[in-house]
Amino acid sequence: MMDYKMLINEIQAHNKDLIEQVKEKNVELQRLREENKRYKEALEFYGNEINYQVFIQNGKSNIERDGGEKARQELKGDSK
């Protein structure tokens, strides 16, 4: 005859492991969402046509002044 208490204990232990895995995945998912948001913001900067227009006061476009710094920061994860 099967020991139901042992089986229940095994199932409970397995469930605890699964709950821990889900928590870890949720943390990773949140990190990836934040990273995705930063990348999207950087892409929006480079995709915005107004950032390529030259302004009289400084003679450079926002893109020229940036020189790719925003992209490099996001790729390193050092967003401002």
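The values are calculated or read from the model by the stated rules, or taken from the named source; none is laboratory data. What you are looking at is a predicted structure, and each value in this text was computed from that prediction instead of being measured. As a convention, Cβ positions derive from the backbone with ideal geometry for all residues, glycine included, and neighbour counts pool all protein chains shown. Calculation scope for accessible area: heavy atoms of the full protein, side chains included, ligands and nucleic acids excluded. Shrake-Rupley method; radii C 1.70, N 1.55, O 1.52, S 1.80 Å.
Show me the helices (runs of 4 or more DSSP H) entirely contained within the chain in which 3 or more residues are open to solvent by 80 Å² or more (accessible area, probe 1.4 Å), in contact with a His (Cβ under 8 Å, 6 or more places away or on another chain) and touching a residue at least 24 places away in the same chain (Cβ under 8 Å).
Because the criterion is at least 3 residues that are open to solvent by 80 Å² or more (accessible area, probe 1.4 Å), in contact with a His (Cβ under 8 Å, 6 or more places away or on another chain) and touching a residue at least 24 places away in the same chain (Cβ under 8 Å), no helices (runs of 4 or more DSSP H) in the chain meet it.
Residues to consider are Asn58, Asn62; find the one that is modelled with pLDDT under 90 and not basic (Lys, Arg).
So the residue among Asn58, Asn62 that is modelled with pLDDT under 90 and not basic (Lys, Arg) is Asn58.
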